[in-house]
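Quick notes on the structure that follows.
The values are calculated or read from the model by the stated rules, or taken from the named source; none is laboratory data. If you're wondering where the values come from, they're calculated on a predicted model, not measured in any experiment. All Cβ positions, even for glycine, are placed from backbone atoms using ideal geometry, and neighbour counts span all protein chains on display. These accessible areas exclude ligands, DNA and RNA; they are computed on the full protein's heavy atoms, side chains included. Shrake-Rupley method; radii C 1.70, N 1.55, O 1.52, S 1.80 Å.
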Amino acid sequence: MHKSIIIANWKLNPGTASEARLLFSAVKKGVAGIRNAEVVVCPPFVYLPALSEIRRAASLGAQDCFWEDKGAYTGEVSSSMLKEFGVTHVIVGHSERRNWLGETDEMIARKIKAVLKEKLTPVLCVGERERDSSGDIPAIVEEQICTALSGLKKGEFKNGIIAYEPVWAIGTGRPDTPDDAARAAIFIRKIVKKVLGKTAGEGVRIIYGGSVNAKNAASFISKDIRGMEGMLVGGASLKADEFVQIVKSISEI
Ligand code: PGA
């Protein structure tokens, strides 16, 4: 079984650098002795340099990146710049970027290539806006994955992560059911195998995001099947105690 991975997505929070330091230090302290779960914290870009100096026990991730290394692209940040500050993971294609900033699957595909080029771990977010009444995993999820991974070589993305985040479950307090999330994980792994072959399909880690909290986190991880292998946590990652609780509950499985 792969080590579970728990990724904190702070989004546009907290409001100041000193709050970011405090939150990061509390998380770091809380997860320090935990060996069988990996923890990644994704703060806003501007906090990365300060947190990079105090990291350990938790890794650093970014919430986005641009696909070019440098040049005339106002406001953008490249994966090579992130790497210099010790970033190891980059979230790509979060639904909030797709919805608010018009990010397309084609743009996401370019970003994934840029992340892999720097040998960082991409965390590709996919998920439907509404649950299909048939209960099936909607075709849009397959389309998102196929386009985002297009142009990669067989076996590439074998160390990548796909976060299944149904949009209707994000920040609503209405998480997916563990059974449906497990079915989504199996479905997503099949698609990756189809697109990039067996090595990538077996290597990729699939995690769940959407209203995860300290009470429900462990229910998404199963020992018996290769289902969800971690979490992407938004709101609950802003409370150090609750986030540490999530990591502990998963590390005890
Ligand atoms: P949430 O957000 O945990 O607040 O639902 C998850 C995410 O958007 O990554």
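Observations on the model:
- Residues of the range 99-120 satisfying the condition of being in contact (Cβ under 8 Å) with a residue 24 or more places away in the chain, within 16 Å of the ligand (Cβ to nearest atom) and open to solvent by 10 Å² or more (accessible area, probe 1.4 Å): N99
- Breaking point among (1) at pLDDT below 95; (2) closer than 24 Å to S150 by Cα, for A62: (1)
- Residues in the range 97-151 that are touching an Asp or Glu at 6+ places or on another chain (Cβ under 6 Å) and of a type in the set (F, W, Y): 0 in all.
For every residue, the table says whether it meets (1) of a type in the set (K, R); (2) modelled with pLDDT under 95; (3) touching a Ser or Thr at 6+ places or on another chain (Cβ under 9 Å).
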position: S52; (1), (2), (3): no, yes, no
position: W67; (1), (2), (3): no, no, yes
position: V92; (1), (2), (3): no, no, no
position: W100; (1), (2), (3): no, no, no
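- Residue match in the range 1-13 (condition: closer than 14 Å to K111 by Cβ and touching a Ser or Thr at 6+ places or on another chain (Cβ under 7 Å)): no
- Subset of the range 50-69 (residues that are assigned to a helix (DSSP H, G or I) and either open to solvent by less than 10 Å² (accessible area, probe 1.4 Å) or closer than 18 Å to E118 by Cα (or both)): L51, S52
- First in the range 167-185 and over 15 Å from V212 (Cα atoms), second anywhere and more than 9 Å from the ligand (Cβ to nearest atom) and part of a loop (DSSP other than H, G, I, E, B), Cβ under 6 Å, 6 or more apart: A184/I137; A185/G227
- Qualifying residue in the range 81-89 (condition: in a loop (DSSP other than H, G, I, E, B) and on the phi < 0 side of the Ramachandran plot): yes
- Filter pass, I161 being closer than 23 Å to R98 by Cα and touching a residue at least 40 places away in the same chain (Cβ under 8 Å): yes
- Selection over the range 5-41 of residues that are within 16 Å of the ligand (Cβ to nearest atom) and either in contact (Cβ under 8 Å) with a residue 40 or more places away in the chain or surrounded by 15 or more Cβ atoms within 10 Å (Cβ to Cβ) (or both) gives a count of 14.
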